[in-house]
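Take a look at the structure below.
The values are calculated or read from the model by the stated rules, or taken from the named source; none is laboratory data. As the structure is a prediction and not an experimental result, all values here were calculated from the model. Cβ sites come from the backbone with ideal geometry, for glycine too, and all protein chains shown count toward neighbours.
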Amino acid sequence: MITAEQLHEKLKHVTIGGTSCQYPIEKCEELAPLINRVHELKKEKNAVILVHSYVSPEIVYGIADYTGDSYALSKNAMEADADVIVFVAVKFMGDTAKILNPQKDVLIPAGLNGCSLADSITGDDVAKLKAQHPDYTFVCYINTTAEVKAHCDVCVTSGNVYDIVEKLPTNKIFFLPDKLMGLNIIEEMDRRNVKKDIKLWHGTCYVHEDYNPEMIDYLRLTNPGIEVLAHPECSPGVLNHSDFVGSTSQLLNYMETAKAESFLMLTECGLSSRLQVEMPNVKFVGSCSMCKYMKANTLEDILRVLESPEEKDYIRIDENVRQKAMNCIEKMFEYAEK
Ligand code: 13P
Ligand code: SF4
């Protein structure tokens with residue numbers, strides 16, 4: 001049981017994202033009963049709740065069994081000891097959980113299904129590309145549908161992309177769907193002196209593509225001493241102007257040893273909200289960019305899918321597609337642990 005006072009105490013430092021992301025006691029009085037009801041239902045249904053760090057803080061801190069980046073969450077999904085997995089994030093992450101747990105019910109509560117990267121390419125697109133580039137190894141970012149993964153050789157996440165591309169025993173790589181991450185791979189391979197011919201698809205993340213190096217220069221000038229942290233879905237120009245680059249979990253971990261007092265976080269603002277909860281003395285500069293898909297998850301929807309799920313809330317994947325997509329994800333686990 002959590003009380004409104006305990007919730008307010010936990011989340012009172014969150015200021016990022018305007019009033020919709022702030023937690024005065026009146027709002028906590030509305031949220032606490034919903035959180036407590038989710039906990040009851042979770043027990044009743046033997047469910048586990050996986051939550052991405054971009055989702056609203058009352059969900060991350062109120063009901064999550066696991067929070068993390070897409071790599072950690074897919075590992076949690078693989079090891080989940082429950083009958084039901086509620087994946088509070090975006091649909092492709094729920095797909096990954098279902099691919100790894102065909103026997104479990106995987107429910108996704110988000111009212112708005114999507115991700116600008118996953119939506120930028122279909123399985124048929126990949127089949128055509130493969131026919132045009134038969135001697136290329138197809139590497140997909142985890143932000144893709146099960147159908148796309150089923151056509152690819154190996155999948156990567158933002159936390160392991162550079163190391164896996166470097167380790168692949170092939171020089172011809174087709175990376176999809178994120179063009180900006182792809183350009184970052186090309187730059188990083190040059191820095192590592194690794195020679196690969198890398199072709200790219202044209203997808204982008206609508207949240208991360210908006211950042212630009214000029215904005216970083218301006219914020220460094222007006223806030224001397226800030227550290228700039230960026231996600232690899234940003235452009236190469238942005239990464240080259242940043243002090244540290246990493247997946248959402250790597251950015252959180254980096255903050256534990258960071259020396260500066262103020263930071264510019266170039267990723268979805270859920271991460272800054274988490275830092276305001278966990279490191280309330282740290283200051284952030286710059287504005288907040290929200291992912292509408294991640295933020296479309298609400299406690300009400302989570303309650304609804306636990307209480308009386310509808311067909312549309314379940315992830316369903318054709319068995320043939322699932323098997324092939326699983327090979328692609330398992331290859332990632334293999335390379336990530338090599
Ligand atoms: P992470 O794997 O770093 O959590 O990133 C997922 C994502 O969608 C970033 O936009
Ligand atoms: Fe997709 Fe971008 Fe949202 Fe991440 S932040 S889930 S890449 S739209």
Somewhere in the range 135-143, is a residue closer than 22 Å to Gln323 by Cα, surrounded by fewer than 24 Cβ atoms within 10 Å (Cβ to Cβ) and without any contact (Cβ under 8 Å) to a residue 24 or more places away in the chain?
no
How about the range 137-209: which helices (runs of 4 or more DSSP H) wholly inside it have at least 1 residues that are in contact with a Ser or Thr (Cβ under 8 Å, 6 or more places away or on another chain)?
146-151, 179-191
Can you tell me how many residues within the range 293-338 are in a loop (DSSP other than H, G, I, E, B) and either modelled with pLDDT of 95 or more or under 30 Å from Glu44 (Cα atoms) (or both)?
10
Of all residues in the range 245-266 being outside any loop (DSSP other than H, G, I, E, B) and either surrounded by fewer than 16 Cβ atoms within 10 Å (Cβ to Cβ) or of a type in the set (Asp, Glu) (or both), the one that is farthest from the chain's Cα centre (by Cα)
Ser262
Within the range 20-61, which residues are under 18 Å from Ile108 (Cβ atoms) and of a type in the set (Gly, Ala, Ser)?
Ala47, Ser53, Ser56
Could you check the range 67-85 and list, in sequence order, the residues that are buried (at least 24 other Cβ atoms within 10 Å of the Cβ) and more than 15 Å from ligand 1 (Cβ to nearest atom)?
Ile85
When you go through Leu264, Leu303, Leu271 one by one, which is the residue that is under 21 Å from Gly114 (Cα atoms) and either out of contact with any strand residue (DSSP E or B) (no Cβ under 7 Å at 6 or more places or on another chain) or away from ligand 1 (no atom under 16 Å from the Cβ) (or both)?
Leu303
Test set (1) modelled with pLDDT under 95; (2) more than 19 Å from the chain's Cα centre (by Cα) - Asn212 fails condition number
(1)
Qualifying position, being surrounded by fewer than 22 Cβ atoms within 10 Å (Cβ to Cβ), of a type in the set (S, T, N, Q) and in contact (Cβ under 8 Å) with a residue 60 or more places away in the chain, among Asn212, Asn223, Asn171
Asn223
Which numbered condition Ala258 misses (of (1) touching a strand residue (DSSP E or B) at 6+ places or on another chain (Cβ under 7 Å); (2) modelled with pLDDT of 95 or more):
(2)
Go through the residues of the range 57-66 one by one and say whether even a single one is at pLDDT 95 or above, surrounded by fewer than 20 Cβ atoms within 10 Å (Cβ to Cβ) and not hydroxyl-bearing (Ser, Thr, Tyr).
yes
Would the range 152-161 turn up any residue that is over 25 Å from Val245 (Cα atoms) and either surrounded by 24 or more Cβ atoms within 10 Å (Cβ to Cβ) or modelled with pLDDT of 95 or more (or both)?
yes
Candidate set from the range 1-38 (those that are touching a residue at least 60 places away in the same chain (Cβ under 8 Å) and of a type in the set (Lys, Arg)); member that is farthest from Tyr54 (Cα to Cα):
Arg37
What are the residue pairs meeting all of these: first residue in the range 283-297, first residue of a type in the set (Phe, Trp, Tyr), second residue near ligand 2 (Cβ under 8 Å from one of its atoms), Cβ atoms under 8 Å, and 6 or more apart or on different chains?
Tyr293/Val90; Tyr293/Gly114; Tyr293/Cys115
Of the residues in the range 94-120, those that are under 21 Å from Glu268 (Cβ atoms), at pLDDT 95 or above and either among the aliphatic types (A, V, I, L, M) or more than 16 Å from ligand 1 (Cβ to nearest atom) (or both) come to Ile108, Pro109, Leu117, Ala118
Taking the range 43-72 and the residues there that are small (Gly, Ala, Ser) and within 16 Å of ligand 2 (Cβ to nearest atom), the one that is nearest to Lys12 (Cα to Cα) would be Ser56
So is Leu239 away from ligand 1 (no atom under 11 Å from the Cβ), crowded, with 20+ Cβ neighbours inside 10 Å and within 24 Å of the chain's Cα centre (by Cα) or not?
yes
Can you say whether Asp83 is closer than 19 Å to Arg316 by Cβ, among the acidic types (Asp, Glu) and more than 14 Å from ligand 2 (Cβ to nearest atom), as far as the supplied structure shows?
yes
